[in-house]
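Enquirer: Right, I'll just put the structure down here and ask away after.
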Number of protein chains: 2
Amino acid sequence: MTDIHFKPIGIIRSPFDKPEGMPIQAPGAAGVRGTLELDPAYAEGLVDIAGFSHLILLYHFHRAARASLTVVPFLDKLPHGIFATRAPARPNPIGLSVVRLLSVAGCLLTIEGVDVLDGTPLIDIKPYVPAFDAHAADKIGWFATKVGATAQTRADDRFSKPQ
Amino acid sequence: MTDIHFKPIGIIRSPFDKPEGMPIQAPGAAGVRGTLELDPAYAEGLVDIAGFSHLILLYHFHRAARASLTVVPFLDKLPHGIFATRAPARPNPIGLSVVRLLSVAGCLLTIEGVDVLDGTPLIDIKPYVPAFDAHAADKIGWFATKVGATAQTRADDRFSKPQ
């Protein structure tokens, strides 16, 4: 299988300049505002995006440490396989967040619910469509007894490489 | 901004050997089974994944045509900015699907609800957690009058490069 090359389409701006103390996932990022600065070369791709309340962001975990196949995630004290977690130190360090879109001004999108490090390279923006993306998952594995603590849990530097 | 290099972690197998006639999105793929063939080098990363009913797959649209910033998507007759659509011909051709996990046997995962081309390179597997990933989006833009037709709509080759 051949390698895959992506080129950032923009930058995510947020109040978080280091991993330590960051919220994890949407429940921890309620009300947190940020912006997407899209490269003007892609401006035409934003046509009609203002009609959506929520966007899916895919981005590069550019500060992630070298991949580990087993990790102790922020929400637990026990190790789990990396693909059973959302930890950044993944074989392909790609992050996914769903954010609320507040406004669009040219190539600048104001967003809310941002659990992303400032300066993160943006790989893709997709419209969030509940009929495609919202699923009534009945089994959430080890998260079942831990997910309630998400909003109160903060990140540390365990998955980050030194700056 | 520097380029991002990913390496496929496995292959997605499905009944669909060409884009023409494929279902689009989860509503069109109900009951469709497939498999994930994970590269055995990453086997340890699957520990505890069997506890989840749904997985998020990120994959390379390896057959996607050169990116277009404006596209006429399968569900509409009018053009939209690529970031307001889920079309494959994106600046970074990365796809996202949420599938049901049926079983895990070593590095082979049997999945259901597959709207992915056979042979697609897999980039990442994440556990689907409704508290993180399910959002009550109140505005879905141009999809509002079109999304009901998703299950009946099939793909064609408009976003594919010749084989």
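We did not get these values from a lab; they are worked out from the coordinates using the rules stated. Small disclaimer: the values here were computed from a predicted structure and weren't measured. Using ideal geometry, Cβ is built from the backbone for each residue, glycine included, and neighbour counts are taken over all protein chains shown.
Enquirer: Looking at B:ALA87, is it within 23 Å of B:GLN152 (Cβ to Cβ), in contact (Cβ under 8 Å) with a residue 24 or more places away in the chain and either surrounded by 21 or more Cβ atoms within 10 Å (Cβ to Cβ) or of a type outside the set (Asp, Glu) (or both)?
Expert: Details: within 23 Å of B:GLN152 (Cβ to Cβ): yes; in contact (Cβ under 8 Å) with a residue 24 or more places away in the chain: yes; either surrounded by 21 or more Cβ atoms within 10 Å (Cβ to Cβ) or of a type outside the set (Asp, Glu) (or both): yes.
Spelling it out, B:ALA87 is indeed within 23 Å of B:GLN152 (Cβ to Cβ), in contact (Cβ under 8 Å) with a residue 24 or more places away in the chain and either surrounded by 21 or more Cβ atoms within 10 Å (Cβ to Cβ) or of a type outside the set (Asp, Glu) (or both).
Enquirer: Residues that are at negative phi and part of a loop (DSSP other than H, G, I, E, B): does the stretch A:96-106 have at least one? Show your work before the answer.
Expert: At the first step, the residues of the stretch A:96-106 found to be at negative phi are A:96-105.
Remaining after also requiring part of a loop (DSSP other than H, G, I, E, B): none.
Looking through the stretch A:96-106, none of the residues is at negative phi and part of a loop (DSSP other than H, G, I, E, B).
Enquirer: Hey, does the stretch A:117-140 have a residue that's in a loop (DSSP other than H, G, I, E, B), on the phi > 0 side of the Ramachandran plot, more than 7 Å from every other protein chain (Cβ to nearest Cβ) and among the small types (Gly, Ala, Ser)?
Expert: Applying the first criterion (in a loop (DSSP other than H, G, I, E, B)) to the stretch A:117-140 yields A:117-119, A:128-129, A:134-139.
If we keep only those that are on the phi > 0 side of the Ramachandran plot too, we end up with A:119.
Among the residues that remain, those that are also more than 7 Å from every other protein chain (Cβ to nearest Cβ) are: A:119.
Right, trim to among the small types (Gly, Ala, Ser) and you get A:119.
Among the residues of the stretch A:117-140, at least one is in a loop (DSSP other than H, G, I, E, B), on the phi > 0 side of the Ramachandran plot, more than 7 Å from every other protein chain (Cβ to nearest Cβ) and among the small types (Gly, Ala, Ser), which makes the answer yes.
Enquirer: Can you give me the ranges of the strands (runs of 3 or more DSSP E) entirely in the stretch B:6-94 with at least 1 residues that are closer than 30 Å to A:PRO79 by Cβ, more than 10 Å from chain A (Cβ to nearest Cβ) and touching a Cys at 6+ places or on another chain (Cβ under 8 Å)? Write out each step before concluding.
Expert: Values: elements: B:10-13, B:33-38, B:54-60.
Counting at least 1 such residues, we get B:33-38.
Enquirer: Go through the residues of the stretch B:101-110 one by one and say whether even a single one is facing chain A (nearest Cβ under 9 Å), more than 24 Å from A:PRO93 (Cβ to Cβ) and surrounded by fewer than 17 Cβ atoms within 10 Å (Cβ to Cβ).
Expert: So in the stretch B:101-110, the residues facing chain A (nearest Cβ under 9 Å) come out as B:101.
Filter once more, so that each one left must be more than 24 Å from A:PRO93 (Cβ to Cβ): none.
Within the stretch B:101-110 (the criterion being facing chain A (nearest Cβ under 9 Å), more than 24 Å from A:PRO93 (Cβ to Cβ) and surrounded by fewer than 17 Cβ atoms within 10 Å (Cβ to Cβ)), the answer is no, since none of the residues qualifies.
Enquirer: Out of the residues in the stretch A:141-155 that are of a type outside the set (Gly, Ala, Ser) and more than 7 Å from chain B (Cβ to nearest Cβ), which is nearest to A:ILE11 (Cα to Cα)? Spell out the reasoning first.
Expert: Taking the stretch A:141-155 as the starting set, the residues that turn out to be of a type outside the set (Gly, Ala, Ser) are A:142-143, A:145-147, A:150, A:152-154.
Going one step further and asking which of them are more than 7 Å from chain B (Cβ to nearest Cβ), we end up with A:145-146, A:152-154.
Details: A:THR145: 35, A:LYS146: 31, A:GLN152: 27, A:THR153: 25, A:ARG154: 23 Å.
Within the stretch A:141-155, the match that is nearest to A:ILE11 (Cα to Cα) is A:ARG154.
Enquirer: Can you go through A:ALA84, A:ALA136 and tell me which one is over 18 Å from the mean Cα position of the chain (by Cα) and under 28 Å from B:LEU102 (Cβ atoms)? It would help to see each step written out before you state the result.
Expert: On the way: A:ALA84 fails: over 18 Å from the mean Cα position of the chain (by Cα).
Answer to the check: A:ALA136.
Enquirer: Can you tell me which condition A:PRO15 does not meet? The list is (1) within 16 Å of the chain's Cα centre (by Cα); (2) under 30 Å from B:VAL47 (Cα atoms); (3) surrounded by fewer than 21 Cβ atoms within 10 Å (Cβ to Cβ), and all the others hold.
Expert: A:PRO15 satisfies every listed condition except (2).
Enquirer: If you don't mind, there's one more thing I want to ask. When you check A:ALA137 against the structure, is it surrounded by fewer than 21 Cβ atoms within 10 Å (Cβ to Cβ), within 30 Å of A:ILE49 (Cα to Cα) and touching a helix residue (DSSP H, G or I) at 6+ places or on another chain (Cβ under 7 Å), yes or no?
Expert: Working: surrounded by fewer than 21 Cβ atoms within 10 Å (Cβ to Cβ): no; within 30 Å of A:ILE49 (Cα to Cα): yes; touching a helix residue (DSSP H, G or I) at 6+ places or on another chain (Cβ under 7 Å): yes.
No, not satisfied.
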